[in-house]
There are 2 protein chains.
Amino acid sequence: MRKYLLMAPGPTSLPPQVLLAMAKPVIHHRTDEFKAILKEVNEGLQHIFQTSNPVITFSASGTGAMEAAVVNTLSRGDRALVVRGGKFGERWGELCEAYGVEVMPLDVEWGRAVDPAAVASALKKNPDIKAVFTTLCETSTCVHNDIEAIGKAVASYPAILVVDAISGLCADDLKTDAWSVDVVVAGSQKGLMLPPGLSFASISAKAREAVKKSNLPKFYLSYDKALKSLAKTDTPFTSAVSLIYGLRESLALIRQEGLENVVKRHARLARATREAALALGLELLSKAPSNVATAIIMPAGMDADAVRKKLTRDFSITVAGGQDKLKGRIIRVAHLGYCEEADVITAISALEMVLRQLGHACEPGAGVAAAEKAFAHYHD
Amino acid sequence: MRKYLLMAPGPTSLPPQVLLAMAKPVIHHRTDEFKAILKEVNEGLQHIFQTSNPVITFSASGTGAMEAAVVNTLSRGDRALVVRGGKFGERWGELCEAYGVEVMPLDVEWGRAVDPAAVASALKKNPDIKAVFTTLCETSTCVHNDIEAIGKAVASYPAILVVDAISGLCADDLKTDAWSVDVVVAGSQKGLMLPPGLSFASISAKAREAVKKSNLPKFYLSYDKALKSLAKTDTPFTSAVSLIYGLRESLALIRQEGLENVVKRHARLARATREAALALGLELLSKAPSNVATAIIMPAGMDADAVRKKLTRDFSITVAGGQDKLKGRIIRVAHLGYCEEADVITAISALEMVLRQLGHACEPGAGVAAAEKAFAHYHD
């Protein structure tokens, strides 16, 4: 019997209240009783998306909702500006290409945030760009992009701004309406503290105009079908009833803590993790760190995947590794969703022990001490 | 406090074992532990699909897997023969049209099964047809199509046979390989006794050849991505971990009872429901009844939706109504998934009481008596 600690940037561990909510008997999805649940959930989603735009729910993982953003707002041959600073930025590009949308890449060094001025300049040079695709947290590098500034850059152009907030929502602040974000895509298995299987999209009036012009083929992922049903507090296809039960519970938990406090908690855990890593003589990958997860570069010559394996085998802790060109070089410690100080301390302490066993010279407790100091800053 | 009886053809009620399996802590989807679960589940799916073909799992409702069957096997301008004898046959047509596939409709009177000879004759006249789309159980009319005979008709042509078994799987027998079915699409919230949110597709070698030629756009629903991952006991996108836990449990329950016995149980419940309806002086819609659900025509002048409302209000029982042109005319009593004799008796007894209250002349207990006699036939 081991206590399992899941500290990857999705799926994340779930509050027991959410797990048990999903164990309730399934009811039919076209009943008044279920409609009342949908109503509560739809309003709760608008609250955490910080928007008065409609927020639709897909029974699909995050990539499904990313695909929906492409096929519902664009047409074959349209040009899209795609910020590529990691694996998920690249996925926007792949999705556009799969549907014959012309990708104008805005490539950013992995580990750095996109410069909002570069977005503005690309739009100035190419005012025919129909959409700008970027990420709130680029999960592969743990970089946080400045969506507020990007929103300002895009707002005066005809292009819509589409933000992948799949991992970022609830961890990094995202003021959808105040920052003029047209489509926000999110997933269930991250800050929302649910299992994988649901994804979401908020859709602005500007994006709804784009939907009217889009001619790419779609059916299951159709915004039009979803928005028409949403207006009647319904869904075009059968709702994933059990996951919706869980969503109602997790939204209630977030409201109870307060969305602002939830984001602050993530910021606190992220800062402590960064300071711990630095105190252990390690380097951070991200020059613009997200609150979702911390990408830590392993000491030269040490295989990051060996570190992860020992964390799992000896301490029953799952952290993520590097993807693509970062494979074997970094670990990504998430502090996401149902996560608090104790989890970060546990993970850092285990990391210290593993690093020392693998030959990295660091003082036992040095990382934990740095994390405690970081927490103290907030608990004055 | 009321005991809730869900007798609609999806979602269906769930065994407590499945509900509780889904309440287990979420683990990371790229771990050896989860891989072992996927392996068990993939093999279990092949067992209930009665196939040695790979069976892939989508985090999506059944319509997502229907869309996948179209976009992965066809190209723009291809011709497809679409059997339309109800709402779900029509959906095949809508999906094809959304992607520029030319639909050759084979229209069948609602309530009747398609004549396999008509399929053969259409293929003979149009040997360039690339795919035949039909349903095992056409849920909107509760009609069972003779897939064995249709399989024989299609096998000698280049066309692939695609069967929507979303509601039918586990209730109506489906020998995928023996009957030469190339793609079988199924959903989680039916005979599989799971919540909505997963869907499945088995893909034959003939269908995999079609996949190579298909040029319709796809990404999230790509067979190619899913098959490549499946070969490594993995998934291209994040698995719906909790639903997979539930799936493992439900597959184990089905194996325990024996797939053949599961189908026999559905046949037994269906026959009893039909005989009860006839004993109450009611007519059945389906001339080729499925084991999934029984479509009962309400007495002339009686609103079927009023019957359903009273069943819900007075007896906490959900049955389905008619769709499109059948709205208000029929009720559909499902005997699907986690369902047994007691549930059918309860539903019939409640139906008797409601019908009498609404003015239909029938003897109290007449339906129940007929059902008991039907059951006795099996319990000799």
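The values are calculated or read from the model by the stated rules, or taken from the named source; none is laboratory data. Just so you know, these numbers come straight off a predicted model, no measurement behind them. Glycine gets a Cβ as well: all are built from the backbone with ideal geometry, and neighbour counts include every protein chain shown.
To keep it simple, each residue is scored yes or no on (1) more than 9 Å from every other protein chain (Cβ to nearest Cβ); (2) surrounded by fewer than 19 Cβ atoms within 10 Å (Cβ to Cβ).
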| residue | (1), (2) |
| --- | --- |
| A:15 | yes, yes |
| A:23 | no, no |
| A:28 | no, no |
| A:40 | yes, yes |
| A:60 | no, no |
| A:64 | no, no |
| A:67 | no, no |
| A:88 | yes, no |
| A:107 | yes, yes |
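Only one of (1) within 14 Å of another protein chain (Cβ to nearest Cβ); (2) surrounded by 23 or more Cβ atoms within 10 Å (Cβ to Cβ); (3) touching a residue at least 60 places away in the same chain (Cβ under 8 Å) fails for residue B:81. Which number is that?
Status for residue B:81: all satisfied but (1).
Among the residues in segment B:154-176, are any on the phi > 0 side of the Ramachandran plot and assigned to a loop (DSSP other than H, G, I, E, B)? Break it down into steps so the answer makes sense when it comes.
Step one: list which residues in segment B:154-176 are on the phi > 0 side of the Ramachandran plot, which gives B:170.
Subset that is assigned to a loop (DSSP other than H, G, I, E, B): B:170.
Within segment B:154-176, one or more residues are on the phi > 0 side of the Ramachandran plot and assigned to a loop (DSSP other than H, G, I, E, B).
Would you please list the contacts, defined by Cβ atoms under 8 Å and residues six or more apart or on different chains, that run from a residue in segment B:1-12 that is at the interface with chain A (Cβ under 7 Å from one of its Cβ atoms) and within 14 Å of residue B:350 (Cβ to Cβ) to a residue that is part of a loop (DSSP other than H, G, I, E, B) and polar (S, T, N, Q)?
Close Cβ pairs satisfying both conditions: B:4/B:13; B:4/B:316; B:6/B:12; B:6/B:13.
Suppose the filter is surrounded by fewer than 22 Cβ atoms within 10 Å (Cβ to Cβ), within 30 Å of residue B:127 (Cβ to Cβ) and assigned by TED's automatic domain parsing to the domain that holds residue B:123; does residue B:51 pass it? Steps first, please.
On the way: surrounded by fewer than 22 Cβ atoms within 10 Å (Cβ to Cβ): yes; within 30 Å of residue B:127 (Cβ to Cβ): yes; assigned by TED's automatic domain parsing to the domain that holds residue B:123: yes.
Yes.
Within segment A:128-136, can one find any residue that is within 23 Å of residue A:213 (Cβ to Cβ) and basic (Lys, Arg)?
Taking segment A:128-136 first, the residues within 23 Å of residue A:213 (Cβ to Cβ) are A:128-134.
Retained after the next criterion (residues that are basic (Lys, Arg)): A:130.
Yes, because at least one residue in segment A:128-136 is within 23 Å of residue A:213 (Cβ to Cβ) and basic (Lys, Arg).
If a residue must be over 23 Å from residue A:61 (Cα atoms) and out of contact with any strand residue (DSSP E or B) (no Cβ under 6 Å at 6 or more places or on another chain), how many such residues does segment B:152-203 contain?
16
Please determine, by comparing only the residues of segment A:346-374 that are under 20 Å from residue A:5 (Cα atoms) and touching a helix residue (DSSP H, G or I) at 6+ places or on another chain (Cβ under 6 Å), which one is surrounded by the fewest Cβ atoms within 10 Å (Cβ to Cβ). First the steps, then the outcome.
Taking segment A:346-374 as the starting set, the residues that turn out to be under 20 Å from residue A:5 (Cα atoms) are A:346-355, A:365, A:367-368, A:371-372.
Right, trim to touching a helix residue (DSSP H, G or I) at 6+ places or on another chain (Cβ under 6 Å) and you get A:348-350, A:352, A:354, A:367-368, A:371.
Working: A:348: 26, A:349: 17, A:350: 20, A:352: 21, A:354: 21, A:367: 29, A:368: 20, A:371: 25.
Step by step, filter segment A:346-374, then rank; the result is A:349.
If you check A:207, A:186, A:171, which single one turns out to be more than 14 Å from chain B (Cβ to nearest Cβ), within 25 Å of residue A:270 (Cβ to Cβ) and of a type outside the set (Lys, Arg)?
Details: A:207 fails: within 25 Å of residue A:270 (Cβ to Cβ); A:186 fails: more than 14 Å from chain B (Cβ to nearest Cβ).
After applying the criteria, what remains is A:171.
Within segment A:277-288, can one find any residue that is touching a residue at least 12 places away in the same chain (Cβ under 8 Å), surrounded by 18 or more Cβ atoms within 10 Å (Cβ to Cβ) and farther than 22 Å from residue A:85 by Cβ?
Yes, the conditions are met somewhere in segment A:277-288.
Working carefully through the options B:178, B:159, B:149, find the one that is in the same structural domain as residue B:100 (by TED's automatic domain parsing), buried (at least 21 other Cβ atoms within 10 Å of the Cβ), of a type in the set (A, V, I, L, M) and modelled with pLDDT of 95 or more. Write out each step before concluding.
Numbers: B:178 fails: buried (at least 21 other Cβ atoms within 10 Å of the Cβ); B:149 fails: buried (at least 21 other Cβ atoms within 10 Å of the Cβ).
Matching residue, one of B:178, B:159, B:149: B:159.
All but one of (1) of a type outside the set (A, V, I, L, M, F, W, C); (2) in contact with a Gly (Cβ under 9 Å, 6 or more places away or on another chain); (3) under 23 Å from residue B:235 (Cβ atoms) hold for residue B:76, so report the exception by its number.
(3) is the only condition that residue B:76 fails.
Mind checking which residues of segment A:214-271 are among the polar types (S, T, N, Q) and more than 18 Å from residue A:55 (Cβ to Cβ)?
Taking segment A:214-271 first, the residues among the polar types (S, T, N, Q) are A:214-215, A:222, A:229, A:233, A:235, A:238-239, A:242, A:250, A:256, A:261.
A:214, A:215, A:238, A:242, A:256, A:261, listed by residue number.
Any idea how many residues of segment B:212-231 are of a type in the set (A, V, I, L, M) and either touching a Pro at 6+ places or on another chain (Cβ under 7 Å) or more than 13 Å from every other protein chain (Cβ to nearest Cβ) (or both)? If you could, list the steps in order and put the result at the bottom.
At the first step, the residues of segment B:212-231 found to be of a type in the set (A, V, I, L, M) are B:216, B:221, B:226-227, B:230-231.
Subset that is either touching a Pro at 6+ places or on another chain (Cβ under 7 Å) or more than 13 Å from every other protein chain (Cβ to nearest Cβ) (or both): B:226-227, B:230-231.
Count: 4.
Can you pull out every residue in segment B:99-147 that is in contact (Cβ under 8 Å) with a residue 24 or more places away in the chain and of a type in the set (Gly, Ala, Ser)?
B:100, B:111, B:113, B:117, B:120, B:122, B:131, B:140
Only one of (1) modelled with pLDDT under 95; (2) within 12 Å of chain A (Cβ to nearest Cβ) is not met by residue B:320, so which one is it?
Against the list (1) modelled with pLDDT under 95; (2) within 12 Å of chain A (Cβ to nearest Cβ), residue B:320 comes up short only on (1).
Of the residues A:202, A:180, which single one is away from chain B (no Cβ under 14 Å), in a strand (DSSP E or B) and among the hydroxyl-bearing types (Ser, Thr, Tyr)? Outline the logic, then answer.
Values: A:180 fails: in a strand (DSSP E or B).
After ruling out the rest, the residue left standing is A:202.
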